[in-house]
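Report on the structure given below.
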Amino acid sequence: MAELYDALGPWVFGLASRILRDDAEAEEVLGDVFVQVWARIHQHEPSRGPLVPWVLSIARNRSLDALRRRRRWWRKADRWGAAQRLEDDGAVPVPDPAEAAVPGWPVHQEVHAALAALPADQRRVVLLAYFEGLTHSEIARRTGQPLGTVKTRLRIAHGKLAEALKHVKDWLR
Amino acid sequence: MTDWLGMIPNPREPRPELRARVLARATRPESRARRWGWLAAAAVVAIALGGGAGYWTRATIVALSAQRDRLAAELAAVRDTLGFVRGPATRVAWVPVTTNGRLGGVTIFADSAARRWLVRCEGMAPNEPNETYQIWFVTEGGLRRAAVMTMDEEQATVMAMAFDVPDDVGPVTGAAMSIEPRVAADSAAPRGPMVFHLRL
């Protein structure tokens, strides 16, 4: 468990921080995620998928749950809005070289590359769906695009990402 | 595929002091047991509440049903009594009686259409332990047994009773009351002293 925490803790915390924009809440999610992972580790079947995406999906779901029930949204509205304005344009998050020593960094770079290869409009809908948990309709309202266009962009983007990342394997040993 | 998108955000090293806390929380042996314990306790509480609510509901239903039945019986009795008073074929007779030196009275509501009688006795002396009051229908064929009204020492001095006139009893022209031995209360003819005898 300690090895799993050391290997995935920074990624889980990074993901939770990215979604929640709040360190305190992200730390709560971090603890919740590892409690859940440890309680359900026996349910994970390697044949059905690698471990890291499984853990990260738990982290994402926990973070989105916290995001949705957030009561103190008004206190964070400014930070949240500023962050959205920066990222809603579809810009690819810039990796911090100082973090390059963290296990999994090559996968991080590959995923970035795959995302960067997407057209900006496709990248934007992927980021809105994944990091904000928006539905197709909500994305359509947010971007001012027709619902059908959003669905098409997401489908195409997911196809491209699947193709680009199909060779990625678990980097945990 | 898209699950790898979780690797998009830059990794962030959590505060070092979190490590021990998270690991302790995640691997706490009782964490699962505690969760199951809470679930079990919640289930027990839910069952207890449900059982209690069920028991209370059932008890309430039983009590309300009994109250409803009692009120229905009382209402039926009141309607029955009012039927005597309002009945166009009802005749009312009152006769003073003296029993064992005590002055009382008997009121008879006789509904010849419905062939029902309501008899009310008041102020009558209690029967001896081996005796009872017997009411008789007076018919052209003689006296026919109507009803037994036993008044014991502990009973109220007012007693009322409603009863039907059997079909095999012909036209009733009057009423009578006698004091009969209890063991012979079902005799076809009076054996004891008459208390009153009147025509309706």
One residue is enough: does the stretch B:188-200 have a residue meeting the conditions farther than 26 Å from B:A73 by Cβ, of a type outside the set (A, V, I, L, M, F, W, C), touching a Pro at 6+ places or on another chain (Cβ under 8 Å) and assigned to a strand (DSSP E or B)? no
Filtered residues of the stretch B:161-199 (kept if aliphatic (A, V, I, L, M) and more than 16 Å from B:G142 (Cβ to Cβ)): B:M161, B:A162, B:I179, B:V183, B:A184, B:A185, B:V195
Which numbered condition trips up B:W94, out of (1) out of contact with any strand residue (DSSP E or B) (no Cβ under 7 Å at 6 or more places or on another chain); (2) over 19 Å from B:A114 (Cα atoms); (3) hydrophobic (A, V, I, L, M, F, W, C)? (1)
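A quick yes/no check of all residues on (1) within 14 Å of chain A (Cβ to nearest Cβ); (2) assigned to a helix (DSSP H, G or I); (3) in contact with a helix residue (DSSP H, G or I) (Cβ under 9 Å, 6 or more places away or on another chain):
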site: B:D3; (1), (2), (3): yes, yes, yes
site: B:R12; (1), (2), (3): yes, no, yes
site: B:R58; (1), (2), (3): no, yes, no
site: B:A73; (1), (2), (3): no, yes, no
site: B:A76; (1), (2), (3): no, yes, no
site: B:L103; (1), (2), (3): no, no, no
site: B:A113; (1), (2), (3): no, no, no
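Would you mind stating whether A:R75 is modelled with pLDDT of 90 or more and in a helix (DSSP H, G or I)? It would help to see each step written out before you state the result.
Details: modelled with pLDDT of 90 or more: no; in a helix (DSSP H, G or I): yes.
Against the criterion (modelled with pLDDT of 90 or more and in a helix (DSSP H, G or I)), A:R75 does not qualify.
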Among the residues of the stretch A:15-27, is any more than 10 Å from every other protein chain (Cβ to nearest Cβ) and crowded, with 22+ Cβ neighbours inside 10 Å? yes
Give me the residue from the stretch A:131-166 that is within 14 Å of chain B (Cβ to nearest Cβ) and over 16 Å from the mean Cα position of the chain (by Cα) and, out of that set, modelled with the lowest pLDDT. A:K166
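Could you check the stretch A:96-118 and list, in sequence order, the residues that are modelled with pLDDT under 80 and more than 8 Å from every other protein chain (Cβ to nearest Cβ)?
Applying the first criterion (modelled with pLDDT under 80) to the stretch A:96-118 yields A:96-103.
Residues satisfying the conditions are A:P97, A:A98, A:A100, A:A101, A:P103.
Would you check if there is a residue in the stretch B:85-100 being of a type in the set (F, W, Y) and either assigned to a helix (DSSP H, G or I) or within 14 Å of chain A (Cβ to nearest Cβ) (or both)?
Here is the first cut: in the stretch B:85-100, the ones of a type in the set (F, W, Y) are B:94.
Remaining after also requiring either assigned to a helix (DSSP H, G or I) or within 14 Å of chain A (Cβ to nearest Cβ) (or both): none.
Taking every residue of the stretch B:85-100 in turn, none turns out to be of a type in the set (F, W, Y) and either assigned to a helix (DSSP H, G or I) or within 14 Å of chain A (Cβ to nearest Cβ) (or both).
If you go through the stretch A:36-52, how many residues are surrounded by fewer than 21 Cβ atoms within 10 Å (Cβ to Cβ) and either among the β-branched types (V, I, T) or at the interface with chain B (Cβ under 7 Å from one of its Cβ atoms) (or both)?
Residues of the stretch A:36-52 that are surrounded by fewer than 21 Cβ atoms within 10 Å (Cβ to Cβ), as a first pass: A:36, A:38-51.
Okay, now just the ones that are also either among the β-branched types (V, I, T) or at the interface with chain B (Cβ under 7 Å from one of its Cβ atoms) (or both), so A:38-39, A:41.
Adding up the residues that qualify gives 3.
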When the stretch A:122-154 is checked residue by residue, the ones that are at negative phi and not in a helix (DSSP H, G or I) are A:L134, A:T135, A:Q145, A:P146
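Of the residues that sit in the stretch B:97-154 and are touching a Lys or Arg at 6+ places or on another chain (Cβ under 6 Å) and surrounded by fewer than 17 Cβ atoms within 10 Å (Cβ to Cβ), which one is modelled with the lowest pLDDT?
So the first thing to find is which residues in the stretch B:97-154 are touching a Lys or Arg at 6+ places or on another chain (Cβ under 6 Å), and the list is B:107, B:110, B:125, B:130, B:132, B:137.
Of the ones still in play, those that are also surrounded by fewer than 17 Cβ atoms within 10 Å (Cβ to Cβ) are B:107, B:130.
Details: B:T107: 93, B:N130: 87.
My answer is B:N130.
The values are calculated or read from the model by the stated rules, or taken from the named source; none is laboratory data. Bear in mind that the values here come from a model prediction, so they are computed numbers and not experimental data. Cβ atoms come from the backbone with ideal geometry, glycine included; neighbour counts cover every protein chain shown.
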